[in-house]
Amino acid sequence: MTSQEMEIAFKQGLDKFDSLNYPDFQTDQIELLLNQAQDQYVKQRYGSNNLKKQSFEETQKRTEDLKNVVVNAILTPAVNALDNINTEARFVILPDGTFPIGAPWPKYWIAIQELTGVSYVGCNGATVTDRVFTKAIQHDDYSKLINNPFGKPTEGKILRLMENGRVELIPPAGTTITDYHIRYIKEPVRISITNSVDCELSSMCHQEIVNAAVSIALEGIESRRTQGFEQVVQNKQE
């Protein structure tokens, strides 16, 4: 479904539910509603907080729904900073939608899987390079784990904190972080009717997004003739 077809479907859906008793939505307003619906659709499909209680890879349909917004990126640590919480830690700036030369990573939304490239001197004196498990932790847990022999970072496990558009990777002493491998949900491309930018999600979910946009519009004009947004997005027939 093209963006123009989504606009037509939106108007038809609104007409069906509200019998022409609704404001005359302009193209830019419809674009806004479609993008709001698309964003909430992605966020709900990613997790298991939905009617099916299934995350996005638990069924084939859910995998298809979000496959076009799953991105792999290999990010380089920033130079040593003075504001890191641990002297061994390195910051990695998450993609924010700007495209530096050589690294066209779309804007980061939600992490799916993380691995950290490391380098250290092994017991035989040889340099070892590896890609190891990266454990997400909360700041409240840092002081509990950093000196815990079972929780602290090791050569096979890196701790990760999130901070203002950056991740802070905490290795054990003597281990160098070389890169950060992340698979994540990116921000979907903004649907634009005016500029003919179509929804990049799987075509099988376009009508669901239109239905959700109609629901948001009806809620905005205090219509009670359809279910709320969450019930529409959950779509019992999927």
Check your understanding: Which residue, of V118, V128, is out of contact with any Cys (no Cβ under 6 Å at 6 or more places or on another chain) and surrounded by 18 or more Cβ atoms within 10 Å (Cβ to Cβ)?
Key -> V118
Check your understanding: Of the residues that make up segment 144-157, is at least one touching a strand residue (DSSP E or B) at 6+ places or on another chain (Cβ under 7 Å), closer than 30 Å to D39 by Cα and either part of a strand (DSSP E or B) or not hydrophobic (A, V, I, L, M, F, W, C) (or both)?
Key -> no
Review point. Does segment 145-152 contain at least one residue that is touching a Gly at 6+ places or on another chain (Cβ under 8 Å), exposed (fewer than 15 other Cβ atoms within 10 Å of the Cβ) and farther than 30 Å from T2 by Cβ?
Key: no
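Every number in this text was worked out from the coordinates using simple rules, so none of it is lab data. The model shown is predicted, which means the values in this text are computed figures rather than measured ones. Note that each Cβ is placed from the backbone with ideal geometry, even for glycine, and that neighbours are counted across all protein chains shown.
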